[in-house]
Amino acid sequence: MTEFATRAVHAGQDPDATTGAVIPPIHVTSTYVQDGVGNMRNGYEYSRGGNPTRDALQTLLADLDGGVAAYSFASGLAAEDALLRAYLEPGSRVVMGNDVYGGTHRLVNRLHVPWGVELVVVDMSDVDRVRAALEGAPAKTVLWVETPTNPLMKIADITLLSEVGHEAGALVVVDNTFASPYLQRPLSLGADAVSYSTTKYLGGHSDVVGGAVVLRDQEFAEQVGFLQFGAGAIGSPFDAFLTTRGIKTLPVRMERHSSNAQAVAEALVSAPGVERVYYPGLADHPGHEVAAKQMSGFGGMLSVALTGGPEAAKRFVESTEVFTLAESLGGVESLIGYPSEMTHASVKGTELAVPENVVRLSVGIEDRGDLVADVLQALSR
């Protein structure tokens, strides 16, 4: 199997050996029988350390991203934390973009910085600033790249930043949540690790919370795997099953998300009351050419700044009828949010603060005409 859509359906999904069931069963067990002390069947001892349903998801994720191993967790932040703790130590440095998910910044700033880790925030689209942030970097340094970014849709050149990071001896991590492995595969572009909130496009149906990391190096993968086991922030077998089921339709969904988002973005560009549309699929987006080079599509996320300021933005998000006002993203249904007071409230007052006139849209797979009509009628209010 070589093509992505085929692997998304079949990788790690062998029919059940006992019954022939096409869909592997959900192994809802906490422990496993031993045929004598220490004589475990297929290495399964206790479900924190290993579970066939979780293993199937991890096999699938590693295959789709081209990694040596993948590990799934109870949330995207749990995945990020395990990845960071497997590598960092007191005196380490994290160089992070100035437009990332607020929870990622909070994780490092509130939990890792007090442990002795230095946090440097920089615009990842400015390579010279990234180089400067990496100067004199300690041995354990992480270059944390998010592209497209949340919520201003900035684009970072993964290949170029991987080269810059490796020159400085840094571990290069890419949060690929917005793109998914269908649209962008960071490991093939030079990154060392990929991070996901599988809650979003991978799960795709707003019915499960989870996270994952995919690694390129076997030794580092084993360190992350030990933290998954030792700290135990695993998702349930049912969570793994739901995520796997979602991934089977990822290629079809991402194509529809992308085409719908392009239509909504183009409609908003010329709409009255709109100051700016942030979407890499627009030709005048500053990162359009880089996105076109490293992505096979521009995704389902976009943001819009309104000329009427924060009051207009709040009224807009409260006036849609098809788009639902809610946090999160990446589901089949369209969602709309006000980042300054919702997803990014934790970074208000910092250099990562989101402009108060910005609204974020997660464009779903509904009818394109209905989505365009909905945002335009909401703007008219």
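The values are calculated or read from the model by the stated rules, or taken from the named source; none is laboratory data. None of these values were measured; they are calculated from a predicted model. Cβ placement follows ideal geometry from the backbone for every residue including glycine, while neighbour counts extend to all protein chains displayed. Protein only, heavy atoms only, side chains kept; ligands, DNA and RNA dropped before computing areas. Shrake-Rupley method; radii C 1.70, N 1.55, O 1.52, S 1.80 Å.
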- Fully extended contour minus Cα-Cα distance, from THR29 to ARG48, at 0.36 nm per residue: 5.8 nm
- Task: Give, as a single signed number, the net charge of other residues whose beta carbon lies under 11 Å from the beta carbon of GLU163, with Lys and Arg counted +1 and Asp and Glu -1.
- Result: -1
- Options (1) 64, 22, 16; (2) 34, 26, 18; (3) 39, 25, 18 for semi-axes √(5λ) of the Cα gyration tensor in Å; the value derived from the coordinates is listed as (2)
- Item | Net charge dipole size for region 156-228 [Lys, Arg +1 and Asp, Glu -1 on Cβ; Debye, nearest 20] | 280 debye
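Determine the order of HIS257, HIS166, HIS285 by accessible area, beginning with the largest, at a probe radius of 1.4 Å.
The residues order as HIS166, HIS285, HIS257, largest area first.
Just the number, please: Stokes-Einstein D of region 121-185 in µm²/s, Kirkwood Rh from C-alpha pairs, 10 °C, 1.306 mPa s. Let's see the in-between values first.
Values: Rh = 12.1 Å.
The estimated diffusion coefficient comes to 131 µm²/s.
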- Task: Enumerate the residues in region 207-231 having an amide nitrogen under 20 Å from the point lying 7 Å beyond the Cα of GLU89 toward its Cβ.
- Result: 217-228, 230-231
- Note on the structure: Of the candidates LEU143, LEU361, LEU107, the farthest towards the positive dipole end of the chain (Lys/Arg Cβ +1, Asp/Glu Cβ -1, centred on the Cα centre) is LEU107
- List the residues of region 100-122 whose backbone N lies under 19 Å from a point placed 7 Å from the Cα of ALA231 along the Cα-to-Cβ direction. 101-120
- Note on the structure: Taking a ≥ b ≥ c as the square roots of the Cα gyration tensor eigenvalues, with a/c under 1.5 meaning rounded and otherwise prolate when a/b beats b/c or oblate if not, region 127-278 comes out oblate
- Note on the structure: Residues meeting the amide H criterion for LEU119 (H placed from the backbone, H to H distance under 5 Å, 5 or more places apart or on another chain) are VAL94
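When the accessible area of the chain is split by element with a 1.4 Å probe, what percent falls to carbon and sulfur?
Details: 7920 of 15440 Å².
Result for the chain: 51 percent of the exposed heavy-atom area is carbon or sulfur.
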- Item | Most positive-pole-ward Cα, GLY308, SER340, MET254, against dipole of the chain from beta carbon charges | SER340
- With charges only on Cβ, +1 for K and R and -1 for D and E, what is the dipole size of region 322-381 about its Cα centre, in debye, rounded to 20? 140 debye
- Message: On the principal axes of its Cα set, how long, how wide and how thick is region 1-97? Give whole Å, largest value first.
- Response: 52, 42, 20
- With a point put 7 Å past each Cα toward its Cβ, work out how far THR2 is from SER380 in nm, to one decimal. 5.2 nm
- Item | Percent of Cα pairs exceeding the 13 Å cut-off, where the set is region 218-261 | 69 percent
- Item | Cα-centre dipole for region 29-174 with unit charges at Cβ (Lys and Arg positive, Asp and Glu negative), debye to 20 | 460 debye
- Mind ranking 37-48, 152-163 by how tightly packed they are, going by the mean number of other C-beta atoms within 10 angstrom, highest first? 152-163, 37-48
- Say R0 is 22 Å: what FRET efficiency, to the nearest 0.05, do ALA292 and ARG129 get from their beta-carbon distance? 0.40
- Message: What's the ranking of 362-374, 239-251 by average number of surrounding C-beta atoms within 10 Å, highest first?
- Response: 239-251, 362-374
- Exposure of ARG253 as accessible area (Å², to 10), given a probe of 1.4 Å and all protein chains: 10 Å²
- Task: Just give me a number: lysine pairs in the chain, eight or more positions apart or cross-chain, with C-alpha atoms less than 22 Å apart.
- Result: 5
- Query: When the helices in the chain are scored as -39500 (n - 2.57) per DSSP H run of 4 or longer and the sum is shared across all residues, what 222 nm value do you end up with, to the nearest 500 deg cm²/dmol?
  - Reply: -10500 deg cm²/dmol
- Which net charge results for the neighbourhood of GLY66, defined as the other residues with beta-carbon distances under 14 angstrom from its beta-carbon, given Lys and Arg at +1 and Asp and Glu at -1? -2
- Excluding PRO52 itself, what net charge comes from residues whose Cβ is under 15 Å from its Cβ, given Lys and Arg +1 and Asp and Glu -1? -2
- Query: Farthest toward the dipole's positive end in the chain, which of PRO25, ALA86, PRO186, given Cβ charges of +1 (Lys, Arg) and -1 (Asp, Glu) about the Cα centre?
  - Reply: PRO25
- Message: For region 260-381, what does the accessible surface come to per residue with a 1.4 Å probe? Please give it in Å².
- Response: 41 Å²
- Message: Need one word for region 147-220: rounded, prolate or oblate. Basis is the Cα gyration tensor (sqrt eigenvalues a ≥ b ≥ c); a/c below 1.5 gives rounded, then a/b vs b/c decides.
- Response: oblate
- Is region 99-159 best put as rounded, prolate or oblate by its Cα gyration tensor, with a ≥ b ≥ c the root eigenvalues, rounded for a/c under 1.5, and otherwise prolate when a/b is larger than b/c, oblate when not? oblate
- Task: Evaluate 2.2 N^0.38 Å with N set to the residue count of region 264-381, then give the Cα radius of gyration divided by it.
- Result: 1.02
- Task: Could you state the accessible area per residue of region 1-116 in Å², with a 1.4 Å probe and every protein chain left in place?
- Result: 49 Å²
